[in-house]
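Let me begin by presenting the structure, written as structure tokens, before commenting on it.
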Amino acid sequence: MCESRQTRPVQLENDGPVATLQLHSQSGEFQISPRALENLDSHPQYAERIVLAEDDPGVRRATAMILEDLGYRVESFANGTEVLAALANDVRPVNLLLTDFEMPGLTGYELAQRLRTLKPDIRILLTSGKAEETLMGEAKPEDWPPFIAKPYSYDALAHRLREILGVPKGNSQGGTGPAQSTCDQRNE
């Protein structure tokens with residue numbers, strides 16, 4: 001039986017690209033039930049830890065929500081300096097850095113280079129609203145990380161992450177539920 005549902009697009013605007021997040025609800029209300037909160041730990045999750053560096057608060061929140069929904073453990077930061085400060089003495093592995101290219105201070109590429117000295121096994125995914133060719137200039141550096149253009153869809157991001165991270169053993173379908181998060185640890 002097909003039930004109708006309301007769609008309410010929420011637009012997050014800034015000086016750059018616009019992100020649109022669509023929330024679906026049969027009643028038009030958006031609430032999380034106590035039962036759903038109790039069952040969060042019962043959903044399959046990836047073990048991967050993703051650090052998100054994005055200077056736009058709306059895009060950062062929307063991307064963190066997607067990553068959490070995909071089942072990743074997410075830590076969000078507003079810029080590269082915050083990422084480096086937070087991870088300087090953190091011995092836990094970080095599987096992937098998803099970083100905007102253009103941020104105040106360090107670019108995403110500069111952040112990736114510096115973070116690789118702290119976490120040599122980290123994988124990197126750069127993103128930007130500008131074309132990749134525009135960002136890298138005349139010649140693509142040998143260590144240029146994988147790239148995904150903004151705006152990206154939920155499915156495109158999920159696919160790109162699995163290309164980079166691979167499919168974990170025992171989980172060929174991908175995440176199906178929200179993961180625990182320490183999202184937006186830093187001030188917006």
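The values are calculated or read from the model by the stated rules, or taken from the named source; none is laboratory data. What you see is a predicted model; the values in this text were computed from it and never measured. Every residue, glycine as well, gets a Cβ built from its backbone with ideal geometry; the counts of neighbours run over all protein chains shown.
Structural remarks
- Within segment 69-90, the only residue that satisfies the criterion of being outside any loop (DSSP other than H, G, I, E, B), within 12 Å of the chain's Cα centre (by Cα) and either modelled with pLDDT under 95 or surrounded by fewer than 19 Cβ atoms within 10 Å (Cβ to Cβ) (or both) is 69.
- Among residues of segment 91-104, those that are surrounded by 13 or more Cβ atoms within 10 Å (Cβ to Cβ) and either outside any loop (DSSP other than H, G, I, E, B) or free of Cβ contacts under 8 Å to residues at least 24 places away in the same chain (or both), counted: 5
- Candidate set: segment 34-65, residues that are surrounded by 17 or more Cβ atoms within 10 Å (Cβ to Cβ) and farther than 25 Å from residue 129 by Cα; chosen: the one modelled with the highest pLDDT: 48
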